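Peer 1: Before we start, here is the structure in question, set down as structure tokens.
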């Protein structure tokens, strides 16, 4: 049925909802690529590795080197440890508060754009269904207006098949959006756990020293 039709022809068959779905697909791909690159950058060093280096520096009472290490790495857990080190001359409670604030800031940065993926994944199928319903209505109207409604079953089937392209496209866009949202949400949870462990260990190291 779509043989010999260009991409633009297929978009036009689905009506204006196909253009909405196209925009959603572009946004989904953009967010997924950006988040993949972001998480890859922020995962270049493990929290256990940086904590081992921090422990070595603090064992020598070299606070400056420990702070420099955190600034160099620029990962969520390094930033949390750095926030604690910058408040090393204050009480343990204030050190913990500084790291808690940094964890909140890092989580907000980690979750950036994830709500977009979640929204697209949960609504784009309904947008596709809406386009399909409009397409079916349009098909029956065309049948009723042509030859006194004697278009025949072939015409009905052809119209419905063309309308269903919206539903198929909606599912095609929704699946990667939902998968990416779930995977990225899990990554954020893992980062949060690492930051909390780093905050706890950093507090212990500073209290010991």
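The values are calculated or read from the model by the stated rules, or taken from the named source; none is laboratory data. Computed from a predicted model, the values in this text were never measured in an experiment. Don't worry about glycine lacking a Cβ; one is built from the backbone with ideal geometry, like all the others, and counts go over all protein chains shown.
Peer 1: Quick one: which of 11, 36 is surrounded by fewer than 19 Cβ atoms within 10 Å (Cβ to Cβ) and either under 26 Å from the mean Cα position of the chain (by Cα) or at pLDDT 85 or above (or both)?
Peer 2: So the residue among 11, 36 that is surrounded by fewer than 19 Cβ atoms within 10 Å (Cβ to Cβ) and either under 26 Å from the mean Cα position of the chain (by Cα) or at pLDDT 85 or above (or both) is 36.
Peer 1: Let me ask something additional. Picking from 155, 167, 123, which residue would you name as being in contact with a helix residue (DSSP H, G or I) (Cβ under 9 Å, 6 or more places away or on another chain) and modelled with pLDDT of 90 or more? Please lay out each step first, then the result.
Peer 2: Numbers: 155 fails: modelled with pLDDT of 90 or more; 167 fails: modelled with pLDDT of 90 or more.
Testing whether each residue is in contact with a helix residue (DSSP H, G or I) (Cβ under 9 Å, 6 or more places away or on another chain) and modelled with pLDDT of 90 or more leaves just 123.
Peer 1: Just for the range 89-101: of the residues that are in contact (Cβ under 8 Å) with a residue 60 or more places away in the chain and surrounded by 15 or more Cβ atoms within 10 Å (Cβ to Cβ), which one is nearest to residue 61 (Cα to Cα)?
Peer 2: At the first step, the residues of the range 89-101 found to be in contact (Cβ under 8 Å) with a residue 60 or more places away in the chain are 92, 95-96, 99-100.
Then keep just the ones that are surrounded by 15 or more Cβ atoms within 10 Å (Cβ to Cβ); that gives 95-96, 99-100.
Working: 95: 17, 96: 20, 99: 20, 100: 24 Å.
Among those that are in contact (Cβ under 8 Å) with a residue 60 or more places away in the chain and surrounded by 15 or more Cβ atoms within 10 Å (Cβ to Cβ), it is 95.
Peer 1: Residue 3 passes all but one of (1) farther than 30 Å from residue 189 by Cβ; (2) more than 31 Å from the chain's Cα centre (by Cα); (3) at pLDDT 80 or above; which number fails?
Peer 2: (3)
Peer 1: Moving on. Considering only the range 39-88, state which residues are surrounded by fewer than 17 Cβ atoms within 10 Å (Cβ to Cβ), under 31 Å from the mean Cα position of the chain (by Cα) and outside any helix (DSSP H, G or I).
Peer 2: Those that are surrounded by fewer than 17 Cβ atoms within 10 Å (Cβ to Cβ), under 31 Å from the mean Cα position of the chain (by Cα) and outside any helix (DSSP H, G or I): 43, 44, 45, 46, 74.
Peer 1: To continue, here is another question. Considering 161, 207, 199, which residue is closer than 30 Å to residue 49 by Cα and modelled with pLDDT under 75?
Peer 2: So the residue among 161, 207, 199 that is closer than 30 Å to residue 49 by Cα and modelled with pLDDT under 75 is 207.
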